[in-house]
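Asks: Structure in structure tokens, see below.
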Amino acid sequence: MTPGTPGAAGNPDGPADGPSKNGSAGASGPGASGSDASGSGASNGGAAGEAASNGAGSGGAASNGAASNGAVPTEITAWKRPAPILTTDTARPEGGGRAAPSDAPAPARQWPLLLVLGLAGLGLLVVGTDAFWQSFRIGTMLVGAALLVGAVLRRVMPSVGMLAVRSRFTDMITYGVMGGLIVLLALMVQPKPWLKIPFLEDILHLTVT
């Protein structure tokens, strides 16, 4: 066979090389089957990746659904102290500290309260014994004066011990108003009042009668 004969080995224009020029060789041959396998593998890998992504998306949706169904994170839930069954302590009122150093005896630490109680007790003793003329008036004035002294002590002293019941303002108003009314009524009491206020006498007469 001559070198120029078509179909001979080594001829670039033979039928073996012809199909590669017009693109029809991809349907047969080992190279073509390999390319098909790799292409199908790539498509299968893409499908697997898409399925994995779909699974991840469904897992995220499931987790979102679980969170929306009322599952509360632990760090958001605040711990609340239960209410005590029996109250064992109360807050000290404003100015309710000791009126003397801690090394002083107990009466010295509570001398404002003892002073007020002593004056009030003395007034009640004067009223009860009725030892002299106008003892009722003087004894009642001593009781009112004791409350006024308590109001003054509550104002000028930073700590008055057990004389402090509420806030400083409340104690001052309470002691002052009660003490002033008691002294005023003691001055206006009959017979022979030491103080005469016409409109108060009229109010008293209307109230009593």
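The values are calculated or read from the model by the stated rules, or taken from the named source; none is laboratory data. Everything quoted here is computed from the prediction, not taken from an experiment. As a convention, Cβ positions derive from the backbone with ideal geometry for all residues, glycine included, and neighbour counts pool all protein chains shown. Side chains are part of the model used for accessible areas, which takes the heavy atoms of the whole protein and leaves out ligands, DNA and RNA. Shrake-Rupley method; radii C 1.70, N 1.55, O 1.52, S 1.80 Å.
Asks: Among the listed residues A83, A78, A91, which satisfies the condition of being closer than 15 Å to M162 by Cβ and either within 26 Å of the chain's Cα centre (by Cα) or at pLDDT 90 or above (or both)? Steps first, answer last, please.
Replies: Numbers: A83 fails: closer than 15 Å to M162 by Cβ; A78 fails: closer than 15 Å to M162 by Cβ.
Going through A83, A78, A91 in turn, just one is closer than 15 Å to M162 by Cβ and either within 26 Å of the chain's Cα centre (by Cα) or at pLDDT 90 or above (or both): A91.
Asks: Looking at the stretch 158-179, which of its residues are in contact with a helix residue (DSSP H, G or I) (Cβ under 7 Å, 6 or more places away or on another chain) and either surrounded by fewer than 16 Cβ atoms within 10 Å (Cβ to Cβ) or of a type outside the set (A, V, I, L, M) (or both)?
Replies: Step one: filter the stretch 158-179 for residues in contact with a helix residue (DSSP H, G or I) (Cβ under 7 Å, 6 or more places away or on another chain), giving 160-165, 168, 171-172, 175-176, 178-179.
Passing the criteria: G161, M162, V165, R168, D171, Y175, G176, G179.
Asks: Another one. Determine if the stretch 128-146 includes at least one residue that is open to solvent by 60 Å² or more (accessible area, probe 1.4 Å), modelled with pLDDT of 95 or more and farther than 14 Å from I182 by Cα.
Replies: No.
Asks: Moving on. Here are V177, V156, V152, V127: which of them is aliphatic (A, V, I, L, M) and more than 42 Å from the chain's Cα centre (by Cα)? Give the derivation first.
Replies: Values: V177 fails: more than 42 Å from the chain's Cα centre (by Cα); V156 fails: more than 42 Å from the chain's Cα centre (by Cα); V152 fails: more than 42 Å from the chain's Cα centre (by Cα).
Selected residue: V127, the only one of V177, V156, V152, V127 that is aliphatic (A, V, I, L, M) and more than 42 Å from the chain's Cα centre (by Cα).
Asks: Quick one: what pairs do we get from the stretch 105-122, first residue under 17 Å from R154 (Cα atoms) and in contact (Cβ under 8 Å) with a residue 40 or more places away in the chain, second open to solvent by 40 Å² or more (accessible area, probe 1.4 Å) and in a helix (DSSP H, G or I), C-beta under 8 Å, 6+ apart or different chains?
Replies: Q110/M162; L113/M162; V116/V149
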